[in-house]
């Protein structure tokens with residue numbers, strides 16, 4: 001008999017989504033070891049985000065390039081990790097499904113798709129420390145490789161930004177582009 005998987009995501013339905021399908025969370029946490037033995041270090045995303053900007057990072061479902069499901073409104077490094085604010089596209093069937101699953105708590109994982117630019121193997125902890133990565137996508141996933149990479153609540157400031165974007169249209173500065 002198989003044991004049920006522990007539920008480590010949210011214990012109650014997320015109140016993370018505004019009427020526009022906007023959500024926030026952390027796609028990566030600095031200093032935390034993932035299931036593959038990788039540890040992302042602070043600053044690892046800096047070059048990639050500067051080069052690509054928020055609009056150059058795709059939002060996918062389960063890392064499937066055939067399933068884009070929305071767009072990122074904000075991606076930035078914080079002392080904790082890689083913070084993201086995104087909007088599901090409700091004109092896409094999978095976007096509507098994910099909106100429902102996020103609201104009900106059926107899915108809440110985030111996962112990064114990247115190419116390693118610079119890393120250092122730490123033999124003591126048997127892990128690879130990622131110093132610089134080329135981030136090209138962030139996916140909503142059922143089971144994230146990094147346990148703490150989850151969708152969380154949108155702050156009132158995040159909702160205000162999202163509401164302004166959809167009422168007035170985005171400006172380059174609101175998307176983190178220069």
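The values are calculated or read from the model by the stated rules, or taken from the named source; none is laboratory data. In this text, all values refer to a predicted model and were calculated from it rather than measured experimentally. Backbone-built Cβ (ideal geometry, glycine too); neighbour counts: all protein chains shown.
Some notes on this structure:
- Enumeration of residues in the stretch 35-54 that are within 16 Å of the chain's Cα centre (by Cα), closer than 27 Å to residue 126 by Cβ and part of a helix (DSSP H, G or I): 46, 48
- Segments classed as strands (runs of 3 or more DSSP E), wholly inside the stretch 64-156, with at least 1 members that are surrounded by fewer than 19 Cβ atoms within 10 Å (Cβ to Cβ) and in contact with a helix residue (DSSP H, G or I) (Cβ under 6 Å, 6 or more places away or on another chain): 64-77, 127-141
- Applying the criterion of being modelled with pLDDT of 95 or more and over 16 Å from the mean Cα position of the chain (by Cα) to the residues of the stretch 1-34, the residue that is surrounded by the most Cβ atoms within 10 Å (Cβ to Cβ) is 33.
- Some residue of the stretch 38-60 being in contact with a helix residue (DSSP H, G or I) (Cβ under 8 Å, 6 or more places away or on another chain) and at pLDDT below 95: no
- Close Cβ contacts (under 6 Å, 6 or more residues apart or on different chains) running from residues in the stretch 48-72 that are over 16 Å from residue 86 (Cα atoms) to residues that are surrounded by fewer than 18 Cβ atoms within 10 Å (Cβ to Cβ) and at pLDDT below 95 are absent.
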